[in-house]
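Student: Can you read through this structure? Questions will come right after.
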Amino acid sequence: MKNFILFAAFFISYVSFGQIKVIETIPTIRIGVIGQNDIYIQKKADEYTFFYKNVKQEEAPTMKSFSFKEIDNAFENLHKIIESGFTAEPLLDIKLELPDDFVWIHYSKNFGEVYMQFVTTKKDVFDNGFSKSLNLEQVNKLFGKSNM
């Protein structure tokens, strides 16, 4: 009889907590940020997401984003691609195709300093976004390489 009561007590406690299920969460890491969240990079598991304020909507700026998975060292390769564009002659835009977006890395020169800007278009809808312009030091900070 004692065993039956003990079994019943365990079964009732198991059933009563059965409605609560702990789900494993994946931490989100912020790599770098420029301004007050004007542009920043987050990493969640093996995916990097770039968030930026669309500077073409000055009255009520919206946040835009593009993402890609970390395959074949894609994050470091993107940093190297952007970095090499600062010293290219002539300055040429670089067009990238991501799973859901097209991303142009637009370079310009102002008062002798080179700047870059992300220009994105979603593949499924016509939705352009323009980030603020960044110099090389800001790009390195964004990618978490401010010690370079």
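Student: Per the helix-only calculation at 222 nm, which mean residue ellipticity applies to the chain, given -39500 (n - 2.57) for every DSSP H run of n ≥ 4 and division by its residues, nearest 500 deg cm²/dmol?
Tutor: Value at 222 nm, helices only: -7000 deg cm²/dmol.
Student: Highest mean first, what order results for 71-77, 117-123 on Cβ atoms within 10 Å?
Tutor: Descending packing order for the listed peptides: 117-123, 71-77.
Student: May I pose another question? When only Cα pairs under 8 Å and 6 or more residues apart are kept, what is the percent relative contact order across region 25-126?
Tutor: 14
Student: Round to a whole angstrom and tell me the spacing of the C-alpha centers of region 43-64 and region 78-92.
Tutor: Each part's Cα centre sits 22 Å from the other's.
Student: Let me ask another. Just the accessible area per residue of region 100-145, please: how many Å² with a 1.4 Å probe?
Tutor: Per residue, region 100-145 has an accessible area of 52 Å².
Student: Further, regarding this structure: With a 1.4 Å probe and every protein chain kept in, tell me what percent of the accessible surface of the chain is carbon plus sulfur.
Tutor: Whole-percent figure for carbon plus sulfur exposure: 57.
Student: Moving on to the next point. Using the Kirkwood radius over C-alpha pairs as Rh, can you work out the diffusion coefficient of region 21-106 via Stokes-Einstein at 20 °C, viscosity 1.002 mPa s, in µm² per second?
Tutor: It diffuses with D of about 145 µm²/s by this estimate.
Student: HN-Hα J couplings of region 38-44 from phi, Karplus 6.51/-1.76/1.60, θ = phi - 60°, integer Hz, Gly and Pro as x?
Tutor: Result, ordered by residue: 5, 7, 8, 10, 10, 10, 10 Hz.
Student: Enumerate the lysines that Lys145 could reach by cross-link, defined here as Cα to Cα under 24 Å, with residues fewer than 8 away along the same chain left out.
Tutor: Lys43, Lys44, Lys53, Lys64, Lys69, Lys80, Lys95, Lys109, Lys132
Student: Just to confirm the number: angle between the C-alpha axis of helix 2-16 and the first principal axis of the chain, 0 to 90 degrees, nearest 10?
Tutor: Taking Cα atoms only, the helix is inclined about 30 degrees.
Student: The list (i) 15.5; (ii) 16.7; (iii) 18.1 gives values of Kirkwood radius over Cα pairs in Å, and only one came from this structure; which label was calculated from it?
Tutor: (iii)
The values are calculated or read from the model by the stated rules, or taken from the named source; none is laboratory data. Keep in mind that this is a model prediction, so the values were computed, not measured. Heads up, the Cβs are rebuilt from the backbone with ideal geometry, glycines too, and the neighbour counts pull from every protein chain shown. Only protein heavy atoms, including side chains, enter the accessible area calculation; ligands, DNA and RNA are left aside. Shrake-Rupley method; radii C 1.70, N 1.55, O 1.52, S 1.80 Å.
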